[in-house]
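Here's the structure, in structure tokens; my notes come after.
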Amino acid sequence: MDVPGNGFRARFNRRYAGAPLPWMLPVIVVIGLFYLYPVFDVIRLSFTDATLIGNEHTYTFASIIHAFGSPDLAGILLTTLIFVGGSIVGQQLLGLMIALIVIRGEKRRLFGTTILRTTALVAWVVPGIAGGIVWQMLFSEAPFGGLNSLLRMIHLHPVEWLSDPNIAPWSVVISNVWRGTAFSMVVMYAGLKSIDPTLYEAAEVDGASATQRLRFITLPQLRTVILVNMILITIQTMNTFDSIISLTGGGPGRATEVISLYTFNIVFRNYDLSGGVSSRC
Amino acid sequence: MNSRAISRLGDVFSYVFMMMMFVFFAGPLFWLLSLALRTKREIYLGVSRLIPKYPTIDNFISVLTNNFFPTYLWNGLLLAVLSGVGVLIVALPAAYAFSRFNFRGKSAWMMGLLAFQMISPLVIMVPLYRYFSWLGLLDTHFGAIMVYIALGVPLAAWLLKGTVDSIPRSLDEAAMIDGCSRFAVFWRIVLPLSGPGVASVFIITVIAGWSQFLVPFLLLTKTKLMPIGVGIFQFQGMQNDSSMQLLAAACLISVVPAIIAFLLLQRMILGAMTAGAVKG
């Protein structure tokens, strides 16, 4: 190995390897060059626009008011709220319940905890577009639509999962909960495992019931985990549009057009970027 | 006796809940498989033919001999694997620095990386497109891969830092006392010992790359360059109600590689993820 000496390699090592910067350099270069530069460009441009010409400011202000006043936006924000809110509640609740049951099952050696955990995680690795297609095949009102043909078989009324503007947003939420729950499950599972077991032992000695243990130990101990998880899910869900685009395309009408899909549509319609429009036809 | 009865009842509830959840998560994929194995005629029979009477693999053959589909699959694999390799090359040294050096602003750097991860490409679509057009990297796999890498590095660096943290420092120190340089320590000691972490970060990145839709949709326009994430979307646009079995087969083909990759290393991936989660 390298003996300290005066060779080029030894000198190079002595001078640079002991400092953190050379180790960080690849990250800085790749992220800076291929991603961060355009981000800063946006910020710079938005500043120059606002300061170069005095009128620009009023124009921008007016256009913001215009955007907020546009009748589309209110609906889109409401849809986004349903989508994000429904996903947060659904994913956290299911994720917590599965994590609790898995831990209970592991303790009592119940059969199938690993199978359940794996199945949920498999749904999680399904790509967004594919996930949308999968749920389209379940929700569809055509003969191949899984849920409606099931309802018909047991002589119930079929539901207009994707064509009723009041139901469609909830169908989209269900499909997103299907894909996203595993993440919450993993986070909650790790959180539950890290709770000090002596707390439960003490509660047991004091004669606390299972519900009391859940309410006064588990949930308060999980507070940070739930909060962090909520932030992460919110960001993820706000950026999700691929599974919606292949499930409903934003329809019926614009009933499932969330803000990310709205942005996507605006860019690809107005700028005609990357031939997105031409290649989709 | 009484508490035992309660436990029994709890077990019953657990099983019922587990069954329901299993149906919720596995059902959609079973339905996809069921449709993909059907003939055109059986598609119209709905749930009554959950297990097709005349199962066929013609749909898969038809999809795989399609003019575009094999290209989509190949491009998807190429982009995902190369970005996985790239993420490791970029993130490993940084993870080593985060774990072994104490320098000013270290936690700021790490938080900065996390914050960076929250800038979705959705927000900067237009400038990103213009910038890549200016660089002349539109319609090149290289450009798309570099964006994949930039997007994958933050999480990878965090997870790998956890892995390197778990290797005892005394090993490094012993080697350095014996005259090993830092690069040699990294190459000969840290790297070989972080196998499981490296493997799971690689798989996580590959799966994320395989599912990418927005970046390739934005930066690649030529059909022969498109990866599967975009390809399946284009394919959906070409189908109609009477060719659902083909779409189901195509969708299944696009999903299965990700699932297999995940199942192979499930334990390691969960280990890496939860280790990071617990330490915060």
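The values are calculated or read from the model by the stated rules, or taken from the named source; none is laboratory data. Bear in mind that the values here come from a model prediction, so they are computed numbers and not experimental data. Cβ: placed from backbone, ideal geometry, glycine included. Neighbour counts: every protein chain shown. Note: areas computed on protein heavy atoms with side chains; ligands, DNA, RNA excluded. Shrake-Rupley method; radii C 1.70, N 1.55, O 1.52, S 1.80 Å.
General observations
- Approximating the spin labels as points 7 Å out from Cα along Cα→Cβ, the B:Lys222-to-A:Ile266 distance works out to 3.3 nm.
- Cα gyration tensor, the stretch B:63-279 - rounded (a/c under 1.5), prolate or oblate: prolate
- Within straight-line cross-link reach of B:Lys106, lysines at Cα separation under 19 Å, skipping those fewer than 8 residues along the same chain: B:Lys161, B:Lys279
- Cα long-axis angle, helix B:141-165 against chain B (0 to 90 degrees, to the nearest 10): 60 degrees
- Shielding by partners - mean other protein chain Cβ count within 10 Å, residues of B:90-98: 5
- Of all segments of chain B bounded by trypsin sites (Lys or Arg not before Pro) found in a DSSP loop with no more than 12 other C-beta atoms within 10 Å, the longest spans B:105-221.
- Cleavage-rule hits, chymotrypsin sites (Phe, Trp or Tyr not before Pro), the stretch B:85-150, DSSP coil, Cβ neighbours within 10 Å at most 12: B:Phe103
- For the stretch A:137-192 versus the stretch B:164-216, the gap between their alpha-carbon centres in whole angstrom: 41 Å
- Tilt relative to chain B, helix B:228-238 - C-alpha long axis, 0 to 90 degrees, to 10: 20 degrees
- The charge dipole of the protein assembly as shown, taken about its Cα centre with unit charges on the Cβ atoms of Lys, Arg (+1), Asp and Glu (-1) only, comes to about 1180 debye.
- Distribution of pairwise C-alpha distances over the stretch A:141-202, 10 Å bins, in %: 18, 28, 21, 16, 13, 3
- Accessible surface of the stretch A:71-268 [probe 1.4 Å, protein heavy atoms]: carbon and sulfur percent: 67 percent
- Carbon and sulfur %, accessible surface of the stretch B:1-140 computed with the full protein complex present, 1.4 Å: 69 percent
- Buried surface between chains B and A: roughly 8300 Å² of accessible area, summed over both sides, computed with a 1.4 Å probe on protein heavy atoms only.
- List of the stretch A:81-103 residues, accessible area with partners at least 40 Å² below that of the chain alone (1.4 Å probe): A:Leu94, A:Ile101
- Angle in degrees between helix B:69-100 and the longest Cα principal axis of chain B, rounded to the nearest 10: 20 degrees
- Label-point separation, A:Arg254 to B:Phe17 (7 Å along Cα→Cβ), nm: 4.1 nm
- Gyration tensor verdict on the stretch B:2-56 (Cα atoms; rounded if a/c is under 1.5, prolate if a/b is larger than b/c, oblate otherwise): prolate
- With all protein chains kept in place, the per residue accessible area of the protein assembly as shown amounts to 49 square angstrom at a probe of 1.4 angstrom.
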